[in-house]
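K.L.:
Take this structure first; my questions come after.
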Amino acid sequence: MKQLKFGPAMLAATLTGFIACFVLYRMLSRYASGWAPAPFIWLLSFLMLPGALSYAIIYYFRYRKSESHISGILSTFNVIITFLLAFDLYSFGWQKIFHLQMVVPLGILDLPFNNLDGETLTWAYFRRSYPFTVTIALAQISGSIMLLFKRTRLLGLIMLVPVLLNIILIDIYYHLHTWVLVHAIVLMSGIIYLLYQYKTVLTEFFFYISPDILKWNTGKKTHQAAGIIILLLPLILLLTYHYPDKHPQFTGKYKVIDLFVNNIPQQAGNYRDSVLTAIYMDLQDDMVLEFNHYNNRYIGTYHYDPQTQRISTQWRYPKKFSLRFDGTLMPVGHSHNLRFKGMLGDDSVQMQLIYMPEPR
């Protein structure tokens, strides 16, 4: 006689409890926060986990030797997981369409994007194109609807894997809130758990079925040679490519300190002062001088002679601008910082350039 195994039952119960916890909390915090206190929402949501575990334990010890009940509890949890996933992702999709996700205050959108944190920058990028937002929403909605029907459930699960994987990677690499990441991981765990029920079908489809239309009847060696060429040719082309970063030792943003113009110290007192505050040295030997505001800039191309350590710049913005900028550019010790001494227009200039790493 077959017996219900404790491990699978508890795994299904744990997944069900976690998914129910996050789904209920998200719904209550969005739609009931006006009248339900936060501790009540947290408590009610958390109770989903011990509730599912308690049900599984009671069911196990009551029916573990009953062959007719072996698959009953697993089927119950599988159905609940499926419906919870469909409900949550379906809700996510409609919230995107109705502008309840990817929201950024309008005042923040006018800030330079280097001033934005990863989460705000992510939402600002996605909200830029409403049709793209709707496309993501439709992928979530259609995948969720497919979960509700037996014939399309497997296709819906496969379709939702890249959707959730993309969300998880964005949450990780753009430093979104920890609980947002945990929520996405819990949903992905439910998808993987349900896909595992189709392991036999998926293994046969992905690893054993080979349509005749994709067969190449030119021999095994020719096939292997073509594969090697495909793998190596892009790398060979990269090795022969002339990279645009001609002076990687300089590339970056620099804060200007210890600025002297005609031997007189200069420092910006407020945002109206037109004082050199930052220098950008970029790919293709581009150079930008910024005067206390990102709207006050000279943009051009610099030439550097490593033998004499001299640098000079040809400006292209503003148009027909020919202000002289040349002098010596030397590293400071073993750091990434630099020291410049030369001419800016008719004025002698000395300054130290402090390397500013890109925000991560």
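K.L.:
Among the residues of the range 161-172, count how many are open to solvent by 40 Å² or more (accessible area, probe 1.4 Å) and in contact (Cβ under 8 Å) with a residue 40 or more places away in the chain.
P.N.:
0
K.L.:
Additional query: Looking at (1) at negative phi; (2) within 31 Å of the chain's Cα centre (by Cα), which is the only condition residue 304 fails?
P.N.:
Every listed condition holds for residue 304 apart from (2).
K.L.:
Mind listing whichever residues of the range 3-48 are aliphatic (A, V, I, L, M), within 22 Å of residue 74 (Cβ to Cβ) and open to solvent by less than 30 Å² (accessible area, probe 1.4 Å)?
P.N.:
4, 9, 12, 13, 15, 19, 20, 23
K.L.:
If you check 326, 286, 245, 305, which single one turns out to be open to solvent by less than 70 Å² (accessible area, probe 1.4 Å), acidic (Asp, Glu) and closer than 14 Å to residue 344 by Cα? Show your work before the answer.
P.N.:
Numbers: 286 fails: closer than 14 Å to residue 344 by Cα; 245 fails: closer than 14 Å to residue 344 by Cα; 305 fails: closer than 14 Å to residue 344 by Cα.
It is 326.
K.L.:
Of 51, 93, 118, which residue is closer than 18 Å to residue 180 by Cα and modelled with pLDDT of 90 or more?
P.N.:
The match here is 93.
K.L.:
Filter the range 157-172 down to the residues that are touching a Leu at 6+ places or on another chain (Cβ under 9 Å) and not acidic (Asp, Glu) and list them by number.
P.N.:
Correct list: 157, 158, 160, 161, 163, 164, 167, 168, 170, 172.
K.L.:
Just wondering, is there one or more residues in the range 270-277 that are free of Cβ contacts under 8 Å to residues at least 60 places away in the same chain and buried (at least 17 other Cβ atoms within 10 Å of the Cβ)?
P.N.:
yes
K.L.:
List, please: which pairs have Cβ atoms under 9 Å, are six or more places apart or on different chains, and start with a residue in the range 182-193 that is in contact (Cβ under 8 Å) with a residue 60 or more places away in the chain and under 16 Å from residue 153 (Cα atoms) and end with one that is open to solvent by less than 20 Å² (accessible area, probe 1.4 Å) and hydroxyl-bearing (Ser, Thr, Tyr)?
P.N.:
Pairs found: 190/16; 190/82.
K.L.:
Restricting the search to the range 62-79, which residues are at pLDDT 65 or above, among the small types (Gly, Ala, Ser) and assigned to a helix (DSSP H, G or I)?
P.N.:
Once the filter is applied, which keeps residues that are at pLDDT 65 or above, among the small types (Gly, Ala, Ser) and assigned to a helix (DSSP H, G or I), the range 62-79 yields 72, 75.
K.L.:
I'd like the residue in the range 330-345 that is part of a loop (DSSP other than H, G, I, E, B) and open to solvent by less than 40 Å² (accessible area, probe 1.4 Å) and, out of all such residues, is farthest from residue 276 (Cα to Cα).
P.N.:
My answer is 337.
K.L.:
If residue 165 meets every condition in (1) at pLDDT 95 or above; (2) over 23 Å from residue 23 (Cα atoms) apart from one, which number is that one?
P.N.:
(2)
K.L.:
What residue, of 147, 121, is in contact with a Lys or Arg (Cβ under 9 Å, 6 or more places away or on another chain) and surrounded by 15 or more Cβ atoms within 10 Å (Cβ to Cβ)?
P.N.:
Answer to the selection: 147.
K.L.:
Which of the following residues is farther than 16 Å from residue 249 by Cβ and at pLDDT 95 or above: 275, 288?
P.N.:
Residue meeting the stated conditions: 288.
K.L.:
While we're here: If you check residue 184 against the conditions, is it open to solvent by less than 70 Å² (accessible area, probe 1.4 Å) and assigned to a helix (DSSP H, G or I)?
P.N.:
Answer is yes for this residue.
K.L.:
May I pose another question? Applying the selection to the range 80-111, what residues are part of a loop (DSSP other than H, G, I, E, B), over 19 Å from the mean Cα position of the chain (by Cα) and not acidic (Asp, Glu)? Spell out how you get there, then give the answer.
P.N.:
Residues of the range 80-111 that are part of a loop (DSSP other than H, G, I, E, B), as a first pass: 98-105, 110-111.
Restricting the remaining residues to those that are over 19 Å from the mean Cα position of the chain (by Cα) gives 98-100, 105, 110-111.
Across the range 80-111, the qualifying residues are 98, 99, 100, 105, 111.
K.L.:
Among (1) assigned to a helix (DSSP H, G or I); (2) exposed (fewer than 13 other Cβ atoms within 10 Å of the Cβ); (3) among the aliphatic types (A, V, I, L, M), where does residue 195 come up short?
P.N.:
Here residue 195 meets the rest and fails (2).
K.L.:
Among what's in the range 126-166 and is small (Gly, Ala, Ser) and out of contact with any helix residue (DSSP H, G or I) (no Cβ under 6 Å at 6 or more places or on another chain), pick the residue that is nearest to residue 86 (Cα to Cα).
P.N.:
So the first thing to find is which residues in the range 126-166 are small (Gly, Ala, Ser), and the list is 129, 137, 139, 142-144, 156.
Now narrow it down to the ones that are out of contact with any helix residue (DSSP H, G or I) (no Cβ under 6 Å at 6 or more places or on another chain): 129, 142.
Working: 129: 25, 142: 10 Å.
The residue in question is 142.
K.L.:
Looking for whichever is within 19 Å of residue 112 (Cβ to Cβ) and open to solvent by 40 Å² or more (accessible area, probe 1.4 Å) here; the options are 316, 297, 310. Which one fits?
P.N.:
Answer to the selection: 297.
K.L.:
With the structure loaded, tell me whether residue 178 is of a type outside the set (Phe, Trp, Tyr) and over 16 Å from the mean Cα position of the chain (by Cα) or whether it fails that test.
P.N.:
When the stated conditions are applied, residue 178 does not pass them.
K.L.:
Considering (1) open to solvent by 20 Å² or more (accessible area, probe 1.4 Å); (2) farther than 24 Å from residue 18 by Cα, say which one residue 133 fails and leave the rest.
P.N.:
(1)
K.L.:
Between residues in the range 312-327 that are among the aliphatic types (A, V, I, L, M) and residues that are open to solvent by less than 30 Å² (accessible area, probe 1.4 Å) and part of a loop (DSSP other than H, G, I, E, B), which pairs lie under 9 Å by C-beta distance while being six or more apart or on different chains?
P.N.:
Listed pairs, sorted by first residue: 323/345.
The values are calculated or read from the model by the stated rules, or taken from the named source; none is laboratory data. These numbers were taken from a predicted model, which means no experiment stands behind them. No Cβ is skipped: glycine too gets one built from the backbone with ideal geometry, and neighbour counts run over all protein chains shown. Ligands, DNA and RNA are excluded from the accessible area calculation, which covers all protein heavy atoms including side chains. Shrake-Rupley method; radii C 1.70, N 1.55, O 1.52, S 1.80 Å.
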